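What follows is a single structure, written as structure tokens, with notes after it.
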Ligand code: HPA
């Protein structure tokens, strides 16, 4: 899809949403694979099935419910994207970032991105959380490629601090309160959908990556293009290929993510509460 058409869809959906929303969300949350449940304290006000939204790309990952929830978390107006669009589903990058563009237009100031990731760093363990402090995006197309839409941001956005340091600090404090183990690390986005080979993981380790996944970085770049602050958190769902002897399976990824979803909810609740 051309980026201008994708932006046309964004503005069109925005107009329709705008007419039903009574309050603008200040915080956006993307719930990744296996992490969709358990934000029990979220008070949902409007629930939209994305498959019914004309023009919105269809979610093809079975486990992603593809819902957009508007409501309050810790009294803060929040929009939650249940599931996300991935490049490996066949969408172009400008389609993958449609949810982020929508969030930006709706007035979201802070985006919390969650995902499941494979640990390249041997010090990490399954079930640990990684506060992403930097990324490597060079293995997938840049989501800002193509004509720049100046309504969103500048042609050449700075990427010095993609992941807000203050938010990382806050997340660490909250994690400590909840006895949740965290690391700070570098996330590398690959296109997927195949998992990596052991040789690829060795290469990525040499390049300085700590965790690997198939999402998130393009969303973070898009948010920074619009001036939206980003906090991105990975749950280590598995050790990356070759780090131990286990074979990779999506089911394991999903099961681990589900098993830590209470901790994720605690972290997210704490973070959003701090925006009151
Ligand atoms: N590789 C890529 N993406 C992933 C992984 C992995 O090991 N685990 C969860 N998402």
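Where a number appears in this text, it was derived from the coordinates with a stated rule and is not lab data. Please read all numbers here as calculations on a predicted model, not as lab measurements. All Cβ positions, glycine included, derive from the backbone under ideal geometry; neighbour counts span all protein chains shown.
Distance distribution P(r), the range 3-273, all Cα-Cα pairs, bin width 10 angstrom from 0: 7, 32, 38, 20, 3, 0 percent.
Please work out how much length the chain gains when fully extended from residue 252 to residue 45, using 0.36 nm per residue of separation minus the C-alpha to C-alpha distance, in nm with one decimal.
Once the chain is fully extended between residue 252 and residue 45, it gains 71.2 nm.
Note that the range 127-276 shows a convex hull volume over its alpha carbon atoms of 124 Å³ per residue.
With the simple spin-label model, which puts each label point 7 Å out from Cα in the Cβ direction, the residue 161 to residue 18 separation comes to 3.1 nm. The convex hull defined by the C-alpha atoms of the range 203-250 has an orientation-averaged projected area of 4.3 nm². In the elastic network of the chain, a GNM with C-alpha springs shorter than 10 Å, the most mobile of 234, 92, 194 is 194. Give me the percent of DSSP beta bridges within the chain that run antiparallel, rounded to the nearest 5. If I count the DSSP bridges inside the chain, around 40 percent turn out antiparallel. The packing ranking of peptides 75-82, 143-150, highest mean first, is 75-82, 143-150, where packing means the average number of other beta carbon atoms within 10 angstrom of each residue. Once you have a ≥ b ≥ c as the square roots of the Cα gyration tensor eigenvalues for the range 62-195, tell me rounded if a/c is under 1.5, and otherwise prolate or oblate according to whether a/b is larger than b/c. Here the range 62-195 falls in the rounded category.
Extending 7 Å from the Cα toward the beta-carbon at both residue 134 and residue 75 defines two label points whose distance is 3.9 nm. Taking packing as the residue-averaged number of other Cβ atoms within 10 angstrom, the listed peptides 45-57, 216-228, 130-142 run from highest to lowest as 216-228, 130-142, 45-57. Peptides 19-32, 247-260 ordered by packing proxy, namely the average of other Cβ atoms within 10 Å per residue, highest first: 19-32, 247-260.
With a simple spin-label model that places each label point 7 Å from the Cα along the Cα-to-Cβ direction, the separation between residue 148 and residue 273 comes to 4.1 nm.
Under a Gaussian network description of the chain, with springs only between Cα atoms under 10 Å, the residue in 175, 198, 117 that fluctuates furthest is 198. Cα convex hull, the range 16-130: 124 Å³ per residue, rounded to a whole number. Could you tell me what percent of the DSSP beta bridges with both partners in the range 1-153 are antiparallel, to the nearest 5? Of all bridge pairs located within the range 1-153, approximately 60 percent are antiparallel. For residue 259 and residue 123, FRET efficiency with R0 = 30 Å and r from the beta-carbon atoms, rounded to 0.05? Calculated value: 0.90.
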